[in-house]
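What follows is one structure encoded as structure tokens, with my remarks underneath.
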Amino acid sequence: MTRRRNTLLQIFAAPAAVALASAAGLAAGLLGDGWWDAAAAAGLAAPVLAIALTRGR
């Protein structure tokens, strides 16, 4: 059995996307009210959603 090597992009793509979504959610939470609150909730839910999706594997 041969083992396939992953590139750095393949390894860090998902964690970087979660980090960017979290940072965007934090920034949206600080910027204003109204639809900014919905954007903040969506961005800050990204890590929770990522954990929930990977726990089922």
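Annotations
- With q set to 0.12, 0.20, 0.21, 0.27 Å⁻¹, the log10 of I(q)/I(0) for the chain, from the Debye formula over equal scatterers at the Cα positions, is -0.39, -0.76, -0.80, -0.99.
- Degrees between helix 8-31 axis and first principal axis of the chain (Cα, 0 to 90, nearest 10): 10 degrees
- Per residue, the accessible area of the chain comes to 87 Å² when a 1.4 Å probe rolls over the protein heavy atoms.
- Pairwise FRET efficiency - Phe12 versus Ala38, Cβ, R0 = 25 Å, nearest 0.05: 0.35
- List Val48, Val18, ordered by accessible area with a 1.4 Å probe, largest first: Val48, Val18
The values are calculated or read from the model by the stated rules, or taken from the named source; none is laboratory data. Owing to the predicted nature of the structure, the values given are computational and were not obtained by experimental measurement. Cβ: placed from backbone, ideal geometry, glycine included. Neighbour counts: every protein chain shown. Surface accessibility is based on the protein's heavy atoms, side chains included, excluding ligands, DNA and RNA. Shrake-Rupley method; radii C 1.70, N 1.55, O 1.52, S 1.80 Å.
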